[in-house]
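All remarks here apply to the structure that follows.
Read-outs throughout are calculated quantities, based only on the coordinates presented, and are distinct from any laboratory measurement. Owing to the predicted nature of the structure, the values given are computational and were not obtained by experimental measurement. Counting neighbours? That spans all protein chains shown, and the Cβs are built from the backbone with ideal geometry, glycine included.
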Ligand SMILES: Cc1cc2nc3c(=O)[nH]c(=O)nc-3n(C[C@H](O)[C@H](O)[C@H](O)COP(=O)(O)O)c2cc1C
């Protein structure tokens, strides 16, 4: 049975942006763009496949906007590098493959070792370099200029990456932000970025991905998230994608976390029974904001997802690993072909693929190791099981 009449497949609006349906490809990092310093046909092909697969909105993998000189002269990656790499060709590829599909660039303020406050991490003995007010102001300017650049490159919008323990996420977290100055109000940096970006880019859609829970004592949690989400919405963003987790939390036991601590905390593994799906749903159920909510994390069954949007708990549904496994999943669901679930078994072998290829010096877009190579899948499962044990400092 076709599902054209489902709410999931109805048009929707994010600020000035009209989307053909409510399914979103959540950000999926692509280290190969920076490594190659140019856009490759392989990357363009993956984006074409995802667009042609029927998703309404694609969010790119994240890239840091921190410009040289803000922290140090030399730095690992910056948004300008991505632009030089021919990032704008992604837009053309997506719009040609599926004219209704929209594409948003994800930008972050990530830079190794910096933060609002010096918080010890279970994964390193190095201290956090606490940003000065001047550095924070400079980073706000970098975001605003990058957003204007994203607009000039033809993207349909931008998403601030403020989840998973990256820089903006740490500002928003009462666990990671202990500042006594004006930036102790973690939403302030988001408000300033949005205000400065609007001065340069008008009503260009600005989305944000943020944590509903840090899974850390004293961090963002079920109780303080609703107020934080309201404050972030009031900062002027056009939509909030709700995620959770920061790497520090993986040092905690499964009994406390409620999920198996393997890389990465936002991508829970072993989602077997339906109750484990859509694991941030209980958080969005408590949120009342006047901008669209995008629910990400363990969304696996079209019938359950339709119920979630019908009930108004979320306006859009985002998927990452299922689209690595099956890029045409949205179309398959809409046409009523096959199972209501996905081929993705949430094993995180795709993350293993991404990180190990990066370490080996041949970075590329994450692929579904489970489907492609069972021997490597076993290897991935061993890597995932031992990663925390080997890296945590006791
Ligand atoms: C290979 C891979 C790369 C990812 N890259 C990013 C990223 O660049 N930015 C981001 O916000 N989240 C990233 N994520 C997290 C996903 O967007 C998503 O929040 C998470 O995997 C949960 O959704 P899922 O259950 O549909 O996979 C990545 C996840 C995977 C598996």
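Quick notes
- Stokes-Einstein diffusion for region 280-364 at 25 °C, viscosity 0.890 mPa s, with a Kirkwood radius from C-alpha pairs, works out to 168 µm²/s.
- When 47, 355 are sorted by how many other C-beta atoms sit within 10 angstrom of their C-beta, beginning with the fewest, the order is 355, 47.
- Relative contact order of region 7-344, defined on C-alpha pairs under 8 angstrom at six or more residues apart (%): 17
- Each label point was placed 7 Å from the Cα along the Cα-to-Cβ direction; for residue 180 and residue 195 their separation is 2.5 nm.
- Residue among 224, 21, 177 with the largest mean-square fluctuation in a Gaussian network model of the chain, springs linking Cα atoms under 10 Å: 224
- Förster radius 30 Å - calculated FRET efficiency between residue 45 and residue 331, Cβ distance, rounded to 0.05: 0.95
- Whole-number Å³ per residue for the convex hull built on Cα positions in region 35-86: 78
- Scattering from the chain was approximated by placing one identical point on each alpha carbon and applying the Debye formula without solvent; log10 I(q)/I(0) at 0.08, 0.10 1/Å stands at -0.37, -0.61.
- The per residue volume of the convex hull around the alpha-carbon atoms of region 188-282 is 118 Å³.
- Inter-site label distance for residue 340 and residue 77 at 7 Å from Cα along Cβ, in nm: 3.8
- Spatial separation of Cα centroids for region 369-391 and region 122-192, in angstrom: 32
- q = 0.18, 0.21 Å⁻¹, region 180-243: log10 I(q)/I(0) [Debye, one scatterer per Cα]: -0.69, -0.89
- GNM flexibility winner over the chain from 278, 117, 362 (Cα, springs under 10 Å): 362
- Normalised contact order of region 1-107, rounded percent, pairs of Cα under 8 Å and 6 or more residues apart: 31
- Cα pair count fraction exceeding 19 Å, expressed as % - region 92-165: 51
- For region 244-394, the direction-averaged projected area of the alpha-carbon convex hull comes to 10.6 nm².
- Pairs of Cα atoms nearer than 8 Å and 6+ residues apart set the relative contact order; for region 228-371 it is 21 percent.
- Working note: 222 nm ellipticity from helices only, DSSP H runs with n ≥ 4, each -39,500 (n - 2.57), summed and divided by the residues of the chain, gives -10500 deg cm²/dmol to the nearest 500.
- Distance from the alpha carbon centroid of region 44-104 to that of region 195-218 works out to 18 angstrom.
- If you take the alpha carbon atoms of region 61-194 and fit the smallest convex hull around them, that volume is 116 Å³ per residue.
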